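The values are calculated or read from the model by the stated rules, or taken from the named source; none is laboratory data. The model shown is predicted, which means the values in this text are computed figures rather than measured ones. We place every Cβ from the backbone using ideal geometry, glycine too, and count neighbours over all the protein chains shown. The protein model used for the area step is the full one, side chains on, heavy atoms only, and it has no ligands, DNA or RNA in it. Shrake-Rupley method; radii C 1.70, N 1.55, O 1.52, S 1.80 Å.
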Amino acid sequence: MTLPLRAHRAHQTLQSDTDWSWLSQWRSQAWSTFADTPWPTRKTEDFKYTPLKSLTNTDWELPTGSAKGTGRGVEFENWPRTVLTLIDGRLTDHDELPEGVTVKLLSKASAEDRVRFEQRLEAGLADNKQLFSLVNQALLSEVVWIEIAANQQLEKPLHINQIISSGAQQRVIPVRVLVDVANSARATLVETFSSEADGPVFINPITELMLADNARLTHYHLLMEQGDVRHLGAVQAQLGAYANLNAFHMALGGVLKRKDITVYHRGSGAELNLNGVYLPRGKEHIDYHTCLEHEVPHCTSQEVFRGIIGDQAKAVFNGRIHIHKDAQKTLAQLSNKNLLTSHQAEVDTKPELEIYADDVKCAHGATISQLEQKSLFYFLARGISRPEAEVMLSFGFINELLEGLEDEPVRLLLRPVLANLFAKEDIWARHLL
Amino acid sequence: MLKIDNLTAQVEDLTILNGLSLEVKPGEVHAIMGPNGAGKSTLGNVLAGRDGYTVTGGTVEFDGKNLFDLEAEERARAGIFLAFQYPVEIPGVSNMEFLKASVDAIRTARGEEPMSSMDFIKLARAKCKEVDLPQDFLKRGVNEGFSGGEKKRNELLQMMLLEPRLCILDETDSGLDIDALQVVAKGVNDLRSPDRGIIVVTHYQRLLDFIIPDYVHVLAKGRIVKSGDKSLALELEKHGYSWIDEEVA
Ligand SMILES: Nc1ncnc2c1ncn2[C@@H]1O[C@H](COP(=O)(O)OP(=O)(O)O)[C@@H](O)[C@H]1O
Ligand SMILES: [Mg+2]
C-alpha cells in the first residue's frame, strides 16, 4: 500500500465539497504530482533512514464537523500571549488580536480575500517536489494567514496552539500557517503541537515565514505530541535584507516525526540563528532535514542541533548548506551533536555542503558520542551515583541550548518536561526539577 | 585513617606508581612534592577510584577497610575528597544543581536527611563568600568559563560543603595569585581538625608558608623517596629535585 491509495478518498471528499475552482484545481495539481511520485523506498535518498511504513496501514480521513476536545494544549506560565487555538487543524478560538496583526482563514475567505489567498499561496515557498508539501497542498482545507504590519513591535508573542483532539483517530490533518512579517516589524511566534488522541493520527503541518527587509522574528516550533502520532511537515522561511530569524525547534514523543526546515536568504545582510533539540525514546523516530539556501551575499547562518537518542529509538539529521554562486561573504556554521544513551539507539547524521561561491566561511561538524568519562568521574568523585550522574549530564547536554533561549517562560516550560524525560526513575532527576 | 602499602599502579600498561607507601593519621597534614610526571596526580586518581588506572600490587586501607572494595562514588561517600588538578567544565549543569546533588548524596550516605533547598542555598552562598567567588557562580554551568583560579576556588567550595574525612588537594595552588593562594590556605586551615586527614600535593613551597604541614614527602618515579618535616620543602625549593635523585641512586 502507498499513501496516495490510503488518502485518495480524503482528497475526493474534499474536492467535491468546494465551489472555489482555483482551490480545487490547485489541490488536484498537487494530487496528481503526488500520486505520480514513486512511493519512497529505502533507496530514496530523502527517506533513506526514515521508513514511511507506519503511514500506509491506515485509511486516512479528513476531520469532519466541529472538533471535539477539552484539552488546552500547551500552556506557559506567566507569559501573556495572543493565543490562537487550532484543534485538528481548525481555528476554534483566538484572543483579541493586537494592533497591526490580521488573521485570515482560507475556509472563511470572502470573494476578495480569495484573490489574495490565490496570489499568496502561489507565491509561497512550499517545495513542489517535497512529498509532504504535496500532501499538504493536495489535502489543503485550512490556511491560517497572519500578517504583521510594517514597523509593528509586538509586545506579546503570538502562540499558535495546535491540539490534536481525542476524536482524531485515523485523521490526516493538513494545515498551513503563513506568517508574513512586514518591513521592520518585530514579533515572537510560538507554535506548539500536542495530542489527546490515542489512535493513529497523521498531522501534516506547513509553516511559512516571510520576513521582509529588517524584520525580526523569534520562532519556537515545539513538537510535543505523544503516542500514536505521525508528524510530517515543513517549516519554510524567507529572509529579506537585514532580516533576522531566531528559531528554536524541539521534537519529542510520538511514533514518527519528520520536519524539513528550509531557509532562503534572499536579502543581503540577513541573519539566521537556527537551533534545535530532539529526544526520541522507546521506539520513536525523529528526523530533521534542514537546508540553508544562501542566495545572496553577506548573510549569516548559525545552526546548532543536538539530539539524545535512548532505548531503541532512532534519529536522523540531515544538514544541508547550499551557497549559491552570488552569495559571497557568506558565513555559515552548522553543528550537530548526538548522544546515544543505549546500545540499541541509532542516529544517522549527514552533512551536505554545496558551495559555489569562493569567498565564504563555512563550517560543518557532526558528532555521535557517549557521555564523557572525565565528566562522569567528576560526578562520581563527589559521591553522586552513576545513574544520577548520567541523567544530569545528558540533561546538561540539551540544557545548554535551552539556556540560550531568549524567553524565560519557554525555558521554564521545557526544563521540567525534558528533565522528566531523562529520569528513568524520578529520583535521578530530582536535582534538575 | 589512610594506609598505603607498597602500591603499584599502571596507566595503559605503563607502571606509574611503583612501590608507594604512605600513612596519614587523623589530624595530620601531609604535603607531597615532586617533579612533573612523578605520579602525584596518578596517586590522587587511584585513591579516588578513577577508571583507567590498574592497581597491580600493594594495599590501601581507609578506616581499616580495603579501599579497592569501594566504587568511586562509595569512596566519596566514605569521606574521600579529591580536589582536581584540572576541574572539568560541564556546561548545561548549574553549579548549584551539582553541589546540591553532591551534598545530598553524601548526607544520605551518612544517614542524614537531604537539605531543604532554602537551607542549601543559604549555606552555598555563605561558602561562596568564604572562597571569594561571586554568588552568580552558583547559577553558572559547573566550571563553565571559569578562570583557572576560579576553578580551584570552586573545588575548595565543594570541599567545604562536603566536609570530607580525607582531603586530597592536587595542585590546588597552581595558577593562583597570592590573594587567591591565601583564600585557599585559609579554607584548608579552617578544615584542619583532629579527625580529618589532609594531603596537599603541590609543586611549590610557597603554599606551605600558609598551610604548615606535619610531614613533607618527595614523590619521584612512582614512590615516596624521602620524607621529612616542613624544612624538607625549603631544601627542595633551594636545591631542586636532582639531589634527591642522586641520593636515591
Ligand atoms: N591517562 C593517562 N594516560 C597516559 N599516561 C598517563 C595518564 N595519566 C598519567 N599518565 C602518565 O603518568 C605519569 C605520571 O603522571 P601524573 O600522575 O599526572 O604526574 P604528576 O601529577 O606528578 O605531574 C606521566 O608520565 C603521565 O604522562
Ligand atoms: Mg599532576
Filter result (out of contact with any Phe, Trp or Tyr (no Cβ under 9 Å at 6 or more places or on another chain) and either under 16 Å from A:H94 (Cα atoms) or part of a loop (DSSP other than H, G, I, E, B) (or both)) within region A:149-159: A:A149, A:A150, A:N151, A:Q152, A:L154, A:E155, A:L158
Answer yes or no: is there a residue in region B:110-128 that is of a type outside the set (K, R), open to solvent by less than 60 Å² (accessible area, probe 1.4 Å) and facing chain A (nearest Cβ under 8 Å). no
When only residues in region B:48-57 that are more than 16 Å from ligand 2 (Cβ to nearest atom) and touching a strand residue (DSSP E or B) at 6+ places or on another chain (Cβ under 6 Å) count, which is farthest from the other protein chains (Cβ to nearest Cβ)? B:G57
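Here is a yes/no grid of residues against (1) open to solvent by less than 20 Å² (accessible area, probe 1.4 Å); (2) more than 16 Å from ligand 1 (Cβ to nearest atom):
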residue: B:G149; (1), (2): yes, yes
residue: B:R153; (1), (2): no, yes
residue: B:L156; (1), (2): yes, yes
residue: B:L176; (1), (2): yes, yes
residue: B:S193; (1), (2): no, yes
residue: B:Y204; (1), (2): no, no
residue: B:L219; (1), (2): yes, no
Taking the criterion of being part of a helix (DSSP H, G or I) and more than 9 Å from chain A (Cβ to nearest Cβ), would at least one residue in region B:58-66 satisfy it? no
Which of the residues that make up region B:13-47 are away from ligand 2 (no atom under 13 Å from the Cβ) and under 23 Å from A:F379 (Cα atoms)? B:L47
Among the residues in region A:384-394, are any modelled with pLDDT under 95, more than 7 Å from chain B (Cβ to nearest Cβ) and either closer than 22 Å to A:P157 by Cβ or in a loop (DSSP other than H, G, I, E, B) (or both)? no
Need at least 1 residues that are under 26 Å from A:L252 (Cβ atoms) per element, so show me which strands (runs of 3 or more DSSP E) inside region A:32-112 make the cut, counting only ones lying wholly within it. A:82-87, A:90-94
Residue in region A:360-383 that is farthest from the other protein chains (Cβ to nearest Cβ), counting only those that are among the aliphatic types (A, V, I, L, M) and within 27 Å of B:D170 (Cβ to Cβ): A:L371
Could you tell me whether region A:338-346 includes any residue that is open to solvent by 50 Å² or more (accessible area, probe 1.4 Å), away from chain B (no Cβ under 14 Å) and over 12 Å from A:I308 (Cα atoms)? yes
Has region A:409-424 got any residue that is more than 12 Å from chain B (Cβ to nearest Cβ), within 30 Å of A:E293 (Cα to Cα) and out of contact with any helix residue (DSSP H, G or I) (no Cβ under 7 Å at 6 or more places or on another chain)? yes
